[in-house]
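Engineer: Below you will find the structure I want to go over with you.
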2 protein chains.
Amino acid sequence: MCIQMLLKTDRVCVCVCVCVCVCVCVLQDLDLAAVYVSDAQYNRNIFFDTSPQAVRLYLLYNHWVPQVLLYVFILVDLCLAIFEDPAVVPLPVWATMLVELICLSAFTTRLVHYAKVIPRDKFWKDPKNICIIVIVLLSLLDMMIYGALKATDHNAVRWSRVLRPLLLVNVTEGRQLRRAFRSIRNALPQIFLVFLLFIFSVLMFSLMALKLFVKRDLKTTEGEPYFTHYLDIVFDLYVLVTTANSPDVMMPAYNANFFFAIFFFLYILVNTYIFMSVFLAVVYNSYKKYLKEEVRQLVRAKRHKMARAFAVLQERREEGAEPVVTRDCWNQLVRLVQSDISTAHRELLWSVSDDKNQGYIGKLAFVQLADLLNIQVITMKSRPHPLQTLCPALYLSPPSRLLCRVVQHRAFVIAFDLIILVNAVFIGLDEEDPVIGNSEWVFLALYMLEILLKLYAFEPRAFFSRHNFWNWFDTIIVISALIATIVNTAVESSLHYSPREILDIVFVLRVLRLIRVVDSIKRFRTIINTLIRIGPTILTFGQLIVIYYIFAMVGMELFKGKVRYVESSDPQQTDCGNPLLKDSAFANRNYCKNNFNDVVSSFILLMELTVVNQWHDILYLSPTATRLGYTQNTQKAMCLRVAPCQPSIHFVPVSLTACC
Amino acid sequence: MCIQMLLKTDRVCVCVCVCVCVCVCVLQDLDLAAVYVSDAQYNRNIFFDTSPQAVRLYLLYNHWVPQVLLYVFILVDLCLAIFEDPAVVPLPVWATMLVELICLSAFTTRLVHYAKVIPRDKFWKDPKNICIIVIVLLSLLDMMIYGALKATDHNAVRWSRVLRPLLLVNVTEGRQLRRAFRSIRNALPQIFLVFLLFIFSVLMFSLMALKLFVKRDLKTTEGEPYFTHYLDIVFDLYVLVTTANSPDVMMPAYNANFFFAIFFFLYILVNTYIFMSVFLAVVYNSYKKYLKEEVRQLVRAKRHKMARAFAVLQERREEGAEPVVTRDCWNQLVRLVQSDISTAHRELLWSVSDDKNQGYIGKLAFVQLADLLNIQVITMKSRPHPLQTLCPALYLSPPSRLLCRVVQHRAFVIAFDLIILVNAVFIGLDEEDPVIGNSEWVFLALYMLEILLKLYAFEPRAFFSRHNFWNWFDTIIVISALIATIVNTAVESSLHYSPREILDIVFVLRVLRLIRVVDSIKRFRTIINTLIRIGPTILTFGQLIVIYYIFAMVGMELFKGKVRYVESSDPQQTDCGNPLLKDSAFANRNYCKNNFNDVVSSFILLMELTVVNQWHDILYLSPTATRLGYTQNTQKAMCLRVAPCQPSIHFVPVSLTACC
């Protein structure tokens, strides 16, 4: 079997050498060690079966194709909300149900695969697996009930849709998301204490406000009684914490006597500034604490796995000597773990590990391998320009060299920055003027010329290498703009008018072209690169958007069709299709499109609530009927917003900048 | 001279011992050493003259009486704004000028004193001193010009009032405030870069919005054209960053096509969340960095000063031995530095320093003294209860002991917590009901009984010791409530009605009494104690409120009298005394009292702007005349708000919690 495997490698010397080494590196052992190293490299914590068959199944389980497929199925499952009632694009019930069935069977397949990989007792002890099984079963049950009710023309609710985002959290790959949830959960007890104290403070201030204002007969601007009922005061003051009704709630009291401004000043100071800062501090602190603990555990698990891999591969050179791993064994292992690694890169890693050039490495050096593999190595090959190899006489001639020097000069960059600025001014002007309209072609030609000149002066493969984000950005934007402009002109000359959609794309691409200026200023580039680098971490927390999905689902079932957007000639006089909303702030501000009638509207509405401003007006969908239900829902949304979302948005960059 | 001083001490053995010690501790040396130690203890960094006379002057300079006086004069100077035109309480010009002259002469006296303490060249090199001289001279000049103009009935502006807050920053004692300013200044270059990038982003998004919406002929809810002028778009989108016009600015575009919500979503994500977080991160990071540096410098300076004090006091016990400081010398020094220190406390400090009990300490142990003196030592004297000494038979009798045990029991605390809860319900009810009104007397009696019982069970001096914040709080609130209720009843029975002002005080005190519940729950007490402990640091940054003073002064000179609050029957129809404001959002929302007509209104207005919400409506004081000026002013206020105020309010607790 050793020979069989070695036939795959193309060097005979390796074969001879390994066979001399008492043939320790058996294929199965290598597979197992490779799995351990790969788990250590990607921080996977799966306790798999070590039998050869299970190892092979586990390798398949970790392959990127089934992983990507799983995410595609989850995405499809989540996107079903667009087509299900209340739908953006209505589809028949059987179609969405069929798709959902396919998704569910895909999740089941994946879970069965997972069950084959790990020991049975481990499988049933893991709450993640139980969770997925329960979700799949509940979804099936819901589909059956829904189908039966629909078939008999009853009213039915697809309640299991709320569970869909939980799949994203509970699949094996949702490690990062689970970590994010865990850090939030760990912060909850402390947050809860501060929250209680905060609520107590709001209640005390409300009681004080009640005693101060109830006998004064003050009126709000709308002529309603001001601060006369305790619960209304609590609600108004709670809204004030989010600053959404900031000066308005104070004005009647302030107009009566300016000493009352002190009351509101103290309230805002204590509840908006001090308590919200304490919330942030508590979240930041416990996040930092648990992150440290998690990282410590990850490092320990990684070392443990690497030690196991070492134990599988180790051999003793002499009796009583320390066990070691030979170079050839190591080479095969690395090739198995990361098949796309170049020989130069592998040699580099080996020379780092075996710094004394002994031909073998001990346990300590071997354990580093997982981290070494994670280091990104950029191979800079100083290849000659293809034109130089094709036609050296022309490319190396003095005029060509001068051109290259000009393009590489700083002045070339500055010249094009100036062109971009001029272009910005032209974009701002009215494009229906023929001069301005035609100038677009000039600018497009200039940008194309720039890219071509750069491709002439620099080696194209280096220019388009993976880490040159800005070169890719430039080229894609300019070529897209070129295509869009050509399409626009073609359509215009045939239809004699430009469709707005194409024009929109053309305009957006034109403006995006201007962003390039940022790249020329070194310090800006640093900031942008930092943001791009911390992007993945923010994205992990961004996945918390699944919470929005749950709220959207609940909101849609509760409030669909209650508010409708009606195109009307006088926006001031609309009632959003609901007589209860007549003359409410909601209708007057023309918020009718902020409703739960489909999943897109729901998401936009929840986004508006996250931004906080006017949220109290949005939730007054109706002063009587829907108010209570809406309030509860939004309050929950608010609490959730205050607790995990906003601080997480805030503290992630803070903690990262603090770490960097 | 040594004898003369030692006569002050009451122990003869000390006298003998010191005179044997070749009388090294000469009075002048001790004075000098005491000054060094005291400077090290309080982190003063003043390079004073070491001549005996200058040292004595320096001691006087650091005395608490002139320091407090200085702050009183600064406060009086700042408060003059209440009495100067435009005044809350108008006073004749000569009176305010006279007070200001007295203040200015006090500052000059303090500066002359300082000049006598430190070497002349150091004095003139220090920008703080130059600053104070310039401020005093400019104020005098301004007063002369203003007086002359007023005397000849011309229009005059008191422009030097803007300089007053700078005194607070530039006096020697404003060390903490200068440090706060320095940390802000150090963060500015980095903030500025992010700010430029942020502005660039806003401009790009505005350009995109212009191209997307200008041809669509959309209308706002008020029927005005939507997003047609570039600068208006920039302003609207800038307001959106502060979330103040959040859903409204989006609604027309969203009503036209829901894809435009993506534009606004991206805008809010990039500019409100990402950029504002980056601002916070940059401020936090650079604050942390420079704080570390400052602390390092402080520690170095402290060690340097202690080494100097050691050099003054040191003596050699043998030839070639390490220099040391004897116990007696040390004792005298500590008594000089901190005269109110108890003998037991001093002995404790010595035993910490001289851990081998040698009777003398080396340099290393001596240098710790400044830190040792800063450690707060709480002396717990287990004194018997005064009643026990007065009447032991009664106090130690079984019923009395039972009473003490009851009071000390947990159930006693819980019982009174329940009483407080019942009281809270009673407060919420209408106090004109005679049952409710009389119940107040019951509660007052119960609270008084509680305090008396506690005083019976616990030693009164321990009960009212300095660190027992909550006992003090309780007693003061309950006794104040008792006095206020008695006064109220007395006034009511003589006038047959209750004046609102007294009732307000009574109500506030009643509600404050409820806060005590927090003290019974241990975890809440911890949070509150933490907040109280970080209070001083927050207060230092709170002094940045001097920036508000400058804005208030500038605003008052520019906008006084432009907007007036007029009591009117129909608040909807007012024009705030300015025909330009007719039908503006400002007048309709009844914001007329938000003006710059006196210093109190200005502060309240600036506070409202800090809270952000509706700031764009507040600054639209008038759509035509005052708008530009107001906008500029508010924009500045906004920038200042975004940059130092909000993050500082946020990051102070964060950094402190991270440190703790």
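The values are calculated or read from the model by the stated rules, or taken from the named source; none is laboratory data. All values reported here derive from a predicted model rather than from experimental measurement. We place every Cβ from the backbone using ideal geometry, glycine too, and count neighbours over all the protein chains shown. Accessible surface is based on the protein model in full, side chains and every heavy atom, while ligands, DNA and RNA are left aside. Shrake-Rupley method; radii C 1.70, N 1.55, O 1.52, S 1.80 Å.
Engineer: Which angle from 0 to 90°, rounded to the nearest 10, does the C-alpha axis of helix A:127-151 make with the longest principal axis of chain A?
Structural biologist: Helix A:127-151 sits roughly 50 degrees off the main axis of chain A.
Engineer: Which percent of the accessible area of chain B is formed by carbon and sulfur heavy atoms (probe 1.4 angstrom)?
Structural biologist: Whole-percent figure for carbon plus sulfur exposure: 66.
Engineer: Let me ask something additional. May I ask for the Kirkwood hydrodynamic radius of region B:386-520, worked out over all distinct Cα pairs and given in angstroms to one decimal?
Structural biologist: Radius from the Kirkwood sum: 16.5 Å.
Engineer: Spelling out what I want: for every residue of region B:503-513, take phi, set θ = phi - 60°, compute 6.51 cos²θ - 1.76 cosθ + 1.60 (Karplus), and round to whole Hz; glycine and proline get x.
Structural biologist: Rounded to whole hertz, the list is 4, 4, 4, 4, 5, 4, 5, 4, 5, 4, 4.
Engineer: Also, quick follow-up: What list of ³J(HN,Hα) couplings, whole Hz, do you get for region A:48-57 from phi and the Karplus terms 6.51, -1.76, 1.60, once you set θ to phi - 60° and write x for glycine and proline?
Structural biologist: 8, 5, 9, 5, x, 5, 4, 4, 5, 4
Engineer: So, taking all protein chains as they sit and a 1.4 Å probe, how much accessible area belongs to A:Arg164, in Å² rounded to tens?
Structural biologist: 10
Engineer: Using the alpha-carbon centroid of each, what span in Å lies between region B:268-310 and region A:59-133?
Structural biologist: One Cα centre to the other: 49 Å.
Engineer: Quick one: angle between helix B:93-117 and the longest Cα principal axis of chain B, in degrees between 0 and 90, rounded to 10, please.
Structural biologist: 40
Engineer: What 222 nm value per residue comes from the helices of chain B, counting each DSSP H run with n ≥ 4 as -39,500 (n - 2.57) and dividing by all residues, nearest 500 deg cm²/dmol? Present the calculation step by step, with values, prior to reporting the outcome.
Structural biologist: Values: 34 runs with 459 residues, N = 660.
The helix contribution divided over chain B gives -22000 deg cm²/dmol.
Engineer: Follow-up question, since we're still on this one. Would you kindly find the accessible area of B:Met250, with a 1.4 Å probe and non-protein molecules such as ligands, DNA and RNA excluded, rounding to the nearest 10 Å²?
Structural biologist: 10
Engineer: Using only Cα atoms, tell me the angle between helix B:434-457 and the longest principal axis of chain B; keep it within 0 to 90° and round to the nearest 10.
Structural biologist: Taking the Cα atoms of chain B, the angle to B:434-457 is about 30 degrees.
Engineer: Run the numbers on region B:187-294 and let me know its relative contact order in percent, using alpha-carbon pairs under 8 Å that are six or more apart.
Structural biologist: RCO, region B:187-294: 31 percent.
Engineer: Counting Lys and Arg as +1 and Asp and Glu as -1, each charge on the Cβ, what is the dipole of chain B about the Cα centre in debye, to the nearest 20?
Structural biologist: Working: 64 positive and 53 negative charges, 485 e Å.
I would put it at about 2320 debye.
Engineer: Continuing with the same structure: With no solvent and one point per C-alpha, what does the Debye sum give as log10 I(q)/I(0) for region B:56-199 at q = 0.13, 0.16, 0.22 Å⁻¹?
Structural biologist: -0.71, -0.94, -1.35
Engineer: Excluding B:Met204 itself, what net charge comes from residues whose Cβ is under 13 Å from its Cβ, given Lys and Arg +1 and Asp and Glu -1?
Structural biologist: So the surrounding residues net to +4.
Engineer: Going toward the positive end of the dipole of region B:114-234, with +1 on Lys and Arg Cβ and -1 on Asp and Glu Cβ, which of B:Asn129, B:Thr228, B:Ser201 do you reach last?
Structural biologist: B:Asn129
Engineer: Could you calculate the FRET efficiency of B:Leu394 with A:Ile130 from 1/(1 + (r/R0)^6), where r is the beta carbon distance between them and R0 is 56 Å, rounded to 0.05? Don't skip to the answer; put the middle values down first.
Structural biologist: On the way: r = 69 Å, r/R0 = 1.23.
It comes to 0.20.
Engineer: On to the next question. Where in region A:193-210 does accessible area fall by at least 50 Å² between the isolated chain and the complete protein assembly, at a 1.4 Å probe radius?
Structural biologist: Going by heavy-atom accessible area, the residues of region A:193-210 that drop by at least 50 Å² are A:Leu193, A:Leu197, A:Phe200, A:Met204, A:Leu207, A:Met208.
Engineer: Could you work out the relative contact order of chain B? I mean the mean sequence separation of Cα pairs under 8 Å and 6+ apart, divided by the number of residues, in percent.
Structural biologist: Relative contact order here is 14 percent.
Engineer: Treat region B:187-294 as a sphere of radius equal to its Kirkwood radius over Cα pairs and apply Stokes-Einstein at 10 °C in a medium of 1.306 mPa s; give the translational diffusion coefficient in µm²/s, rounded to a whole number.
Structural biologist: On the way: Rh = 15.1 Å.
Using the Kirkwood radius from Cα pairs, D works out to 105 µm²/s.
Engineer: Roughly speaking, what is the centre-to-centre gap between region B:388-431 and region A:182-233 when only Cα atoms are used, to the nearest Å?
Structural biologist: One Cα centre to the other: 31 Å.
Engineer: I would also like to ask the following. Provide the convex hull volume over Cα atoms per residue for the protein assembly as shown, in Å³.
Structural biologist: 325
Engineer: Still on this structure: Counting only heavy atoms of protein chains, what accessible area per residue, in Å², does chain A have with a probe of 1.4 Å?
Structural biologist: Values: 33070 Å² over 660 residues.
Each residue of chain A exposes 50 Å² on average to a 1.4 Å probe.
Engineer: Something else now. Can you sort B:Lys125, A:Lys288 by 1.4 Å-probe accessible area, starting with the largest?
Structural biologist: Solvent-accessible surface, decreasing: B:Lys125, A:Lys288.
Engineer: May I pose another question? Just to be sure I understand: if you take the accessible area of chain B alone plus chain A alone and subtract the pair, with a 1.4 Å probe, what total do you get in Å², rounded to 100?
Structural biologist: About 8500 Å² of accessible surface is lost on pairing.
Engineer: With labels modelled as points extended 7 Å from the Cα through the Cβ direction, what inter-label distance (nm, one decimal) is found for B:Glu318 paired with B:Asp85?
Structural biologist: Taking the simple label geometry, B:Glu318 and B:Asp85 are separated by 8.3 nm.
Engineer: Then there is this: Assign unit charges at the C-beta atoms only (+1 for Lys and Arg, -1 for Asp and Glu), then state the dipole size of region A:317-451 relative to its Cα centre in Debye, rounded to the nearest 20.
Structural biologist: 800
Engineer: Provide the three semi-axes, in whole Å and in decreasing order, of the ellipsoid equivalent to chain A as defined by the square roots of 5 times the Cα gyration tensor eigenvalues.
Structural biologist: 53, 39, 28
Engineer: Also: Rank A:Val566, A:Ile476, A:Ala344 by how far each Cα sits towards the positive end of the charge dipole of chain A (+1 on Lys, Arg Cβ; -1 on Asp, Glu Cβ) and give me just the farthest.
Structural biologist: After comparing all options, I get A:Ala344.
Engineer: Place a +1 charge on the Cβ of each Lys and Arg in the protein assembly as shown and a -1 charge on the Cβ of each Asp and Glu, then give the dipole magnitude about the Cα centre in debye, rounded to the nearest 20.
Structural biologist: Once rounded to the nearest 20, the dipole reads 4480 debye.
Engineer: Put +1 on the Cβ of every Lys and Arg and -1 on every Asp and Glu Cβ in region A:386-444; which of A:Leu394, A:Ile419, A:Val407 then has its Cα farthest towards the positive end of the dipole?
Structural biologist: With unit charges placed on the Cβ atoms, the residue in question is A:Leu394.
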